[in-house]
Structures are given as C-alpha cells and as structure tokens.
Amino acid sequence: MAKAKTIQFVSKSYKLTRGVAPLSFMLPVRHTKRFSLLHFDEKTGTNRELRYARNQKSCFVDEQDKNALLEPIIFEDGFLYVPKENQVLQEFLHYHPLNGKKFVEVDKAKDAAEEVQDLMVEADALVEAKKLTLDQLENVCRVLFGKDVSNMSTAELKRDVLVYARNNPQDFLEVINDPELKLMGTIQRFFENGLLKTRKSGKEVWYNTPTNKTKMLNVPFGAEPLDMVAQFLQDDDGIEVLKHLETLLD
C-alpha cells in the first residue's frame, strides 16, 4: 500500500517590491469599503471575503467563527517573517490581492538566478566594450553621449564606454548591435564639423558646406534632429548626399 504524502510545513519570508520600501508597512487585514479584500473562488464562482485572525483555522471569513481576533501585519524594513506554525497567515498572504504587487514571497533560488543573469549580461557588455576599436569607441560615445569626442583621449573614451556598459549593460548591447550605429556616429560628426547645423531651436536642419547653405529638412515636434537626418540619408534621395558629406569629412 502506497504511503500518503506527508505535508511539510515550512517557515516563509516575504519582502516588499522595489516600488514600496518604507521602514514600516502595514498590510490590510480585513475587507472594508476603502480596501477590497476579496478572493475569487474558481470552484464556486464567488468572491470570498478574506480576514486575518490568528486564532482561526482559515483566512476566509465564511470559515471563521465569531471570536476572530484581528492582528496587524507589519513589514519591518521591507521584510516579514512568518514561522511554519502560523499557517493561517501564510494562507492569507497567498490569497491577498497585493501579493505580487506590493509584496512577494522570498525565493532565494529565483533571486540568485536573476542576479546571475544580470551579472552575465554585465559581463557580456564589458567584453564587447573592451573589443571596440578606436573608431567604434568614438561612434559609441557620439551616439550614447551626443558630445564632441575630438578632444577626448583614448583612455577617456574607453573609461566612459566601460562605465556605461557596466551600469547599463542591456542598453549598451542594444546600441552596439544596432546596424545604424555607424551611420548615427557619422551624422554626429557632420554636426561636430559644422557640415550640418540646426536652426530655430532644433526645428530645422540646414546644410553648412562651402557650396550649400540650404535647408535639408524640418524636424517634426517631438522628434530628434539626428533621427530625422538618419531617416533622410537612408532614402534614395539622401544616399548621394551622405556620400558627398562623407567626402567633406575626409
């Protein structure tokens, strides 16, 4: 005869989510007009009222007697420890509407896995940053920081890129894998060298070459001049313009 599985009761810890981290946070323990504390029962199709009372055997009001003694639930420094002897509170927290929104159960294995993933992304970003050539470093700096890099040393370029890659690894990897990175860097150089200029507070982009002082394009409200220039230079009419401006850089 197969043995019945023995239920193992364990102590659990809970933590407030990142968006909620006061020194002390009190969780609603009963249903009120101000805060709805109901759980929809999929089996019966009804909303069941929740209430935490340690002297009861259930967290559902319809299973409690009239002698319920309410107790506050307080997260101290963002955490709450619930011993295995308090199964009613563990059940109450499981069904609580704020579970997953303002607090979550501490899962050390999951937290470790997420931390490892973040560290791996950071490591990948730093490796890619170290592999960049000087031209690529200059392009990345122009795109990321939008500044003139002509007066920056190689060490300064590497430092700024490495620091950005360490602090913003996912964004950095997306930038260096963007096929338009080289183009955006080149456009930034057009502006740095005065071949292109913006007017009317960035609403217009004008040519500023020895033979051309006409307007290139208007910048729509909310758009960036560099993005609009990149879009134009990739059109059929802009390819020759790009080639011409590149010759002036050389």
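Descriptive notes on the structure:
- Computed extension gain for D237 through V116, at 0.36 nm per residue and net of the alpha carbon distance, reaches 38.8 nm.
- Pairs from the list K182/K213; K33/K101; K182/K243; K15/K110; K131/K182; K12/K43 with a Cα-Cα gap above 18 Å: K182/K213; K33/K101; K12/K43.
- Positive dipole terminus of segment 12-106, leading residue within H96, Y52, S36 (C-beta point charges): S36
- Modelled FRET efficiency - R0 30 Å, V127 with H244, Cβ distances, 0.05 increments: 0.20
- Whole-Hz Karplus values for segment 102-108 come out as 10, 8, 9, 6, 5, 10, 4 Hz, taken residue by residue from phi with 6.51 cos²θ - 1.76 cosθ + 1.60 and θ = phi - 60°; glycine and proline positions read x.
- Rg and Dmax, both from the Cα atoms of the chain and both in Å, are 30.1, 96.
- At full extension, K102 and E85 could sit 3.7 nm farther apart than now, given 0.36 nm per residue minus the alpha carbon distance.
- Here r is the Cβ-Cβ distance between K197 and S153 and R0 is 25 Å; the resulting FRET efficiency, rounded to 0.05, is 0.35.
- Phi angles of segment 235-244 translate, via the Karplus equation with coefficients 6.51, -1.76, 1.60 and θ = phi - 60°, into HN-Hα couplings of 6, 4, 6, x, 4, 5, 4, 4, 4, 5 Hz per residue; Gly and Pro are given as x.
- Mean sequence separation of contacting Cα pairs (under 8 Å, at least six apart), scaled by the length of the chain, corresponds to a relative contact order of 14 percent.
- Extension gain (nm, one decimal) between N168 and F221, 0.36 nm per residue minus Cα-Cα: 16.3 nm
- Bridgeable aspartates and glutamates around K102 (alpha carbons under 20 Å apart, same-chain partners fewer than 8 residues away excluded): E49, E71, E76, D77, E91, D111, E114.
- Partner aspartates and glutamates whose Cα lies under 15 Å from the Cα of K197, excluding those fewer than 8 positions away in the same chain, are identified as D148, E224, D227.
- Simple Cβ-charge dipole of segment 32-91, Lys/Arg +1 and Asp/Glu -1, about Cα centre, in debye nearest 20: 200
- Segment 161-229 versus segment 71-149: alpha-carbon centroid distance in Å: 33
- Remark: the chain carries a charge dipole of roughly 1140 debye about the Cα centre, counting +1 on each Lys and Arg Cβ and -1 on each Asp and Glu Cβ.
- Selection from W206, L226, T133, by position along the positive dipole direction of segment 133-250 (Cβ): W206
Any read-out appearing in this document is the output of simple, stated calculations on the displayed coordinates, not a laboratory observation. Keep in mind it's a predicted model, so treat the numbers as computed, not measured. Please note: Cβ atoms are built from the backbone with ideal geometry, for glycine as well, and neighbour counts cover all protein chains shown.
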